[in-house]
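First the structure, in the form of structure tokens, and then the observations on it.
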Amino acid sequence: MQAHVSIILPVHNAEPWLDECLRSVLQQDFEGTMELSVFNDASKDKSGAIIEKWRVKLEDSGVHVIVGGHDSPSPRGVGYSKNQAVAQSSGSYLCFLDSDDVMMPQRVRLQHQAAVQHPSSIVGCQVRRDPPNSTKRYTRWINQLTPEQLLTQVFTANGPTVIMPTWFCSRAWFSHVGPFDEGGQGVPEDLLFFYEHLRKGGGVIRVDQSLLLYRYHPRAATHSVLETTVWTHRVRFLEEQALPRWAAFTIWNAGKQGRRLYRSLTAASQRKVVAFCDVDENKIRKGFYCHEDSQERPKPRIPILHFRAARPPFVICVKLDLTGGAFEDNLRSLHLQEGQDFLHFS
């Protein structure tokens, strides 16, 4: 019989966390049918034995368990493992779970309710970080974005506005968008899927309860993705999805990040940059930024203005939540609309 929900669990050397993770599957209060689809990606520790121990407990409580995997010398990566776990499962809805995380008992029930209401959306949730102080700014961002910002802040360095281990969506929508990129280590497969989801008109919803304990540790797969790789994908997505709407725009930040964005743009996008803006009097006094690497003659000289003298729309290259509220106050004072008059890129 087809399950209502398949929990998708890729596993690679997850022995330290797997007992707690699988216990949280057993403790779900969802009343529909549920299955667990595990793909063991060449684990060399005791992950396989832990999965078999919990398979018995889960099946006894009515949760069907499918276990796939391989024991090659090296893992194939998170994208491949997730695709395999999805392919071997049958549920109408997919609930993604990382092997080092823990679900709250109401997670599947509440996200299933939301996904039924929003069939072409990725449904996320708020999280609790462990250890609690490991990524304070990032955790605040995850939990406090407004419903509108779930779509307007998709260009920031933080990545998807609902984080991957909280994703819940219909199988039909996943099949329409996916599968995940299987390039392996170093590929931001969740970000690439998220961008494709947005390209296809998908929505982003968050259940505003903390439904996941989200662990931070040095072995997390996220750490294998280079910042430069993510930067390149982000710039291309900004140019594809946002910049065509604007005939001209200002880059907010005449410092390192703003100049890096300018240099990363295509020549056509660079020509739309009418100014940089800042609060730093030294940069403003300098008057302009000269793009020395440009092939154009004369080399482009972009004015540097005080932010009050600059004209929207803005692409903002100032990191949020870092200036004790000073930057946010400056931005609010302009009475602009996020998504229409400005976008956050940092």
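The values are calculated or read from the model by the stated rules, or taken from the named source; none is laboratory data. All values derive from a computational prediction rather than experimental measurement. Here the Cβ positions follow ideal geometry from the backbone for every residue, glycine too, while neighbour counts run over all protein chains shown. Remember, those area values only see protein heavy atoms, side chains included, never the ligands or the DNA or RNA. Shrake-Rupley method; radii C 1.70, N 1.55, O 1.52, S 1.80 Å.
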Q. R0 = 51 Å: FRET efficiency of residue 263 with residue 72, Cβ-based, nearest 0.05?
A. 0.80
Q) With a ≥ b ≥ c the root eigenvalues of the C-alpha gyration tensor of segment 128-170, is it rounded (a/c under 1.5), prolate (a/b larger than b/c) or oblate? A) oblate
Q | Heavy-atom surface of segment 224-346, accessible at 1.4 Å and reported per residue (Å²) | A | 53 Å²
Q: Could you sort out which of 286/319; 44/82; 57/200; 46/200 sit more than 29 Å apart by Cα distance in this structure?
A: 57/200; 46/200
Q: Determine, for each peptide in 201-207, 229-235, 159-165, the mean count of other beta carbons within 10 angstrom over its residues, then list the peptides with the highest first.
A: 159-165, 201-207, 229-235
**Q.** FRET efficiency, residue 146 to residue 239 (Cβ-Cβ, R0 35 Å, nearest 0.05)
**A.** 0.90
Q: Can you check what the net charge comes to around residue 46, using other residues whose Cβ is under 12 Å from the Cβ of residue 46 (Lys, Arg +1; Asp, Glu -1)?
A: -2
Q) Which residues' amide hydrogens lie under 5 Å from the amide hydrogen of residue 130, considering only partners 5 or more residues apart or on another chain, with H built in the peptide plane? A) 214, 215, 216
Q: Note the listed values [x] 1.15; [y] 0.98; [z] 1.10, then indicate which one is Cα Rg over 2.2 N^0.38 Å calculated from this particular structure.
A: [z]
**Q.** MRE, 222 nm, helices only [DSSP H, n ≥ 4, -39500 (n - 2.57), over the chain, to nearest 500]
**A.** -10000 deg cm²/dmol
Q: Classify segment 1-89 as rounded, prolate or oblate from the Cα gyration tensor: take a ≥ b ≥ c as the square roots of its eigenvalues, call it rounded if a/c is under 1.5, otherwise prolate when a/b beats b/c and oblate if not.
A: oblate
Q.
Using Cα springs under 10 Å in a Gaussian network model of the chain, which residue among 334, 145, 261 shows the largest mean-square fluctuation?
A. 334
Q. How much net charge surrounds residue 227 when only the other residues with a Cβ under 13 Å from the Cβ of residue 227 are counted, with Lys and Arg +1 and Asp and Glu -1?
A. +2
Q. Round to a whole number: what % of the accessible area of the chain belongs to carbon and sulfur, probe 1.4 Å?
A. 51 percent
Q) Taking 0.36 nm per intervening residue step and subtracting the Cα-Cα distance, what contour gain separates residue 270 from residue 227 on full extension? A) 13.3 nm
**Q.** Cα-based shape type of segment 117-249, given that a ≥ b ≥ c are square roots of the gyration tensor eigenvalues and the cut on a/c is 1.5
**A.** rounded
